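This report concerns only the one structure given below.
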Amino acid sequence: FYGCSSLTSITIPNSVTSIGNYAFIGCKSLASITICDGVTSIGRYAFENCTSLKSITIPDRIKGIKDYTFNYCENLAHVTIPDSVTYIGKYAFDGCTSLKNITLPDTVTNIDYGAFMFCNSLKSITIPESVQDIGEYAFYGCKSLEKINAAAGNENYVSVNGILFSKDKTKIVCYPANKNDTSYSIPSSVKVIGR
């Protein structure tokens, strides 16, 4: 359905187990999609540039959100991510400018490069204990992001005044773009790897 710009809704039947790469890319009028629970895989770029898509519930059997899956879905405001998901791919939600809140399940271990880049409405996010690796620029350009918290039990990351550091505090993973609190000064020894 690549480039079917007038397609407004679709229901995927129970017989479908996989949605391939580029399946609905550029379907700019697609506002409603019902994804059956039988789907176990959604390909890269599957919903890229579906600018009318406002919400989506990812099926419980999906293990990961692949690269560019929801890239530039500008009106996507609500995403439900199930406990089956273990990773968020590169640029998976890049340019989702209406996404205000997102809850990452405790099963996610990896947030890849640029995963939430330019999610301009995203205000806060909590990194679960399970997250072992966050790629550079994962939250770059999130101009409304006020704080990013690491769960208390996370062995790789720690939060200080809404700034996300590596556990040893030698690297800043995310410094909120609209951070007005200047009471915390960044030591010169700290490397900033993404903002």
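FRET efficiency for K54 and S124, Cβ-Cβ distance as r, R0 = 22 Å, nearest 0.05?
Calculated value: 0.60.
Tell me, what is the per residue accessible area of the chain in Å², probe radius 1.4 Å?
Numbers: 9170 Å² over 195 residues.
That works out to 47 Å² for each residue.
When only Cα pairs under 8 Å and 6 or more residues apart are kept, what is the percent relative contact order across segment 9-52?
Relative contact order for segment 9-52 comes out at 52 percent.
Provide the convex hull volume over Cα atoms per residue for the chain, in Å³.
Enclosed volume per residue, from the Cα hull, is 87 Å³.
Between Q132 and S84, what length comes free when the chain is fully extended (0.36 nm per residue of separation minus the Cα-Cα distance, one decimal in nm)?
Working: separation 48, 0.36 × 48 = 17.28 nm, distance 1.64 nm.
Gain on extension, Q132 to S84, equals 15.6 nm.
Tally the DSSP beta bridges in segment 95-166 and give the antiparallel ones as a percent, rounded to 5.
35
Modelling each spin label as a point 7 Å along the Cα-to-Cβ direction, I'd like the K63/D106 distance in nm, to one decimal.
2.2
I'd like to compare 85-92, 51-58, 139-146: which one has the highest average count of other Cβ atoms within 10 Å, and what's the full order after that?
Result, highest mean first: 85-92, 139-146, 51-58.
Quick check on my link table: of K147/K167; K28/K54; K63/K171; K63/K167, which ones sit more than 19 Å apart, alpha carbon to alpha carbon?
On the way: K147/K167 17 Å; K28/K54 11 Å; K63/K171 29 Å; K63/K167 27 Å.
The answer is K63/K171; K63/K167.
Order these peptides, 105-115, 150-160, by their mean beta-carbon neighbour count within 10 angstrom, highest first.
105-115, 150-160
Starting from the Cα of K123, draw a straight line to each of the aspartates and glutamates and keep only those under 12 Å, dropping any in the same chain fewer than 8 residues away.
Reachable aspartates and glutamates: E146.
Can you pull the percent of the chain's accessible area that's carbon plus sulfur, 1.4 Å probe, other chains left in place?
45
The values are calculated or read from the model by the stated rules, or taken from the named source; none is laboratory data. Since the model is a prediction, treat every value here as computed from it, not as a measurement. Reconstructed Cβ throughout: ideal geometry from the backbone, glycine too, with neighbour counts over all protein chains shown. Just the protein is used for accessible areas: all its heavy atoms, side chains included, with ligands, DNA and RNA removed. Shrake-Rupley method; radii C 1.70, N 1.55, O 1.52, S 1.80 Å.
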